[in-house]
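Participant: Mind looking over this structure? Questions follow.
The values are calculated or read from the model by the stated rules, or taken from the named source; none is laboratory data. Bear in mind that the values here come from a model prediction, so they are computed numbers and not experimental data. A quick note on method: Cβ atoms are made from the backbone with ideal geometry, for glycine too, and the neighbour counts reach across all protein chains shown.
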Amino acid sequence: MDMARPKLAADPRGLIYEAYRIEGITEPDCRTIFLDWALGMPDGADMKALIPELLEVYGSAQPDHPMTRVLEAGLDRAGQTGRRGGWAARRGASRTPRRDGGAG
């Protein structure tokens, strides 16, 4: 893909742009880059609103590229919530006090 890097709010670091430029990149590589992109976005960023812009700007020119498939999968899964385990699931839940009077 030989184009100047567009200035996109959806891709401020150019990670997605660069992924499309890497010859021979694999889908697992693209998933890793996608995760890095997602983690690098500001808190509260609406991924479901950002991904269509990435697909329009980058994916439309390369519909068979592995990053296009990753972005499409990300769009399908964006906003889905599932069971959260560990600390996140217990946060805010009522706790049974310990026998020594502490929280537990």
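Participant: Across region 54-69, what is the number of residues that are assigned to a helix (DSSP H, G or I) and either within 12 Å of the chain's Cα centre (by Cα) or surrounded by 14 or more Cβ atoms within 10 Å (Cβ to Cβ) (or both)? Step through it out loud before you land on a result.
Facilitator: Let us first name the residues in region 54-69 that are assigned to a helix (DSSP H, G or I), namely 54-59, 66-69.
Cutting the leftovers down to either within 12 Å of the chain's Cα centre (by Cα) or surrounded by 14 or more Cβ atoms within 10 Å (Cβ to Cβ) (or both) gives us 54-55, 57-59, 66-69.
The number of residues fulfilling the criteria is 9.
Participant: So residue 32 clears everything in (1) in contact (Cβ under 8 Å) with a residue 24 or more places away in the chain; (2) more than 18 Å from residue 76 (Cβ to Cβ) except one condition, right? Which one?
Facilitator: Unmet for residue 32, out of (1) in contact (Cβ under 8 Å) with a residue 24 or more places away in the chain; (2) more than 18 Å from residue 76 (Cβ to Cβ): (1).
Participant: Now a separate question. Within region 23-45, identify whether any single residue is part of a loop (DSSP other than H, G, I, E, B), modelled with pLDDT of 95 or more and in contact with a Pro (Cβ under 7 Å, 6 or more places away or on another chain), and answer yes or no.
Facilitator: Yes, there is a match, as at least one residue in region 23-45 is part of a loop (DSSP other than H, G, I, E, B), modelled with pLDDT of 95 or more and in contact with a Pro (Cβ under 7 Å, 6 or more places away or on another chain).
Participant: Another one. Regarding residue 81, is this residue at pLDDT 90 or above and among the β-branched types (Val, Ile, Thr)? Break it down stepwise before answering.
Facilitator: On the way: at pLDDT 90 or above: no; among the β-branched types (Val, Ile, Thr): yes.
Against the criterion (at pLDDT 90 or above and among the β-branched types (Val, Ile, Thr)), residue 81 does not qualify.
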